[in-house]
Amino acid sequence: MIDPNTTMGELIQAYPCAQRALFRAYHIGGCANCGFGPSETLMEVCARNGNLPVDDVVATILAAHEADGRMQISAVELADRMKRGERLPLIDVRSREEWDAVHIEGATFFAQELMQEILSTWSKDKEFVFVCHHGIRSLDAAAFFVGHGFERVRSLTGGIDAWSVEVDQTLPRYHLE
């Protein structure tokens with residue numbers, strides 16, 4: 001359970017969806033005017049944003065966490081489905097440098113043109129999977145597309161790092177500095 005005295009840094013670490021959920025529900029955390037510091041507690045953020053009920057904010061975060069869970073797919077599950085012949089588009093949302101260093105075979109680099117193509121021509125019930133380094137940026141991308149009506153968008157849990165450990169140990173792991 002989330003404690004009202006949990007710092008925002010701890011909260012975002014434990015619940016990466018919290019930033020999106022707070023912004024979507026309360027317009028908290030999206031810009032300099034409504035931002036928060038990592039050392040601020042959830043109770044302090046709620047107090048300075050119109051005395052929001054902490055329990056309601058916690059419920060919003062937990063609901064978003066559950067929704068994020070439904071969007072995720074493990075590296076092993078994805079690999080198994082691909083081995084069975086399922087053609088799931090893999091869309092890599094990492095930087096060009098990360099992509100050039102290593103990527104999953106068959107994945108597509110996510111460029112502006114692809115985003116426009118997906119939004120304008122892909123079926124809203126088409127299943128596709130976003131990939132990043134550790135599964136945070138890909139979850140943000142998946143949430144963006146869910147917000148635009150896509151029903152079966154997924155995020156690779158743990159990102160390409162998990163894929164390198166659990167599925168294809170020949171892919172080099174890397175650390176960003």
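Things worth noting here:
- Test: residue in the range 91-100 that is buried (at least 20 other Cβ atoms within 10 Å of the Cβ), more than 14 Å from the chain's Cα centre (by Cα) and not in a loop (DSSP other than H, G, I, E, B): no
Residue by residue, here is whether (1) at pLDDT below 95; (2) in contact with a Ser or Thr (Cβ under 9 Å, 6 or more places away or on another chain); (3) of a type in the set (D, E, K, R) holds:
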| position | (1), (2), (3) |
| --- | --- |
| A79 | no, no, no |
| R84 | no, no, yes |
| V131 | no, yes, no |
| F144 | yes, no, no |
| S155 | no, yes, no |
| D161 | no, no, yes |
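- Within the range 60-89, being in contact (Cβ under 8 Å) with a residue 12 or more places away in the chain and among the charged types (D, E, K, R) holds for one residue alone: D68.
- Only listed residue being outside the structural domain of G147 (by TED's automatic domain parsing), among the aromatic types (F, W, Y) and either closer than 23 Å to K126 by Cβ or assigned to a helix (DSSP H, G or I) (or both), chosen from F23, F36: F23
- Subset of the range 6-18 [touching an Asp or Glu at 6+ places or on another chain (Cβ under 9 Å) and among the polar types (S, T, N, Q)]: T7
- Residue count for the range 144-169, restricted to those that are more than 20 Å from F109 (Cβ to Cβ) and hydrophobic (A, V, I, L, M, F, W, C): 2
- M82 falls short on exactly one of the conditions (1) over 28 Å from L176 (Cα atoms); (2) in a helix (DSSP H, G or I); (3) touching a helix residue (DSSP H, G or I) at 6+ places or on another chain (Cβ under 8 Å), and that condition is (3).
- Residues of the range 41-63 that are closer than 14 Å to L11 by Cα and either crowded, with 16+ Cβ neighbours inside 10 Å or not assigned by TED's automatic domain parsing to the domain that holds Y15 (or both): T41, L42, E44, V45, C46, V54, V57, V58, T60, I61, L62.
- Residue within the range 102-112 that is assigned to a loop (DSSP other than H, G, I, E, B), of a type in the set (A, V, I, L, M) and without any contact (Cβ under 8 Å) to a residue 60 or more places away in the chain present: yes
The values are calculated or read from the model by the stated rules, or taken from the named source; none is laboratory data. From a predicted model like this one, the values you see are computed outputs, not experimental measurements. Because the Cβ atoms are built from the backbone with ideal geometry, glycine has one as well, and the counts that use them run over all protein chains shown.
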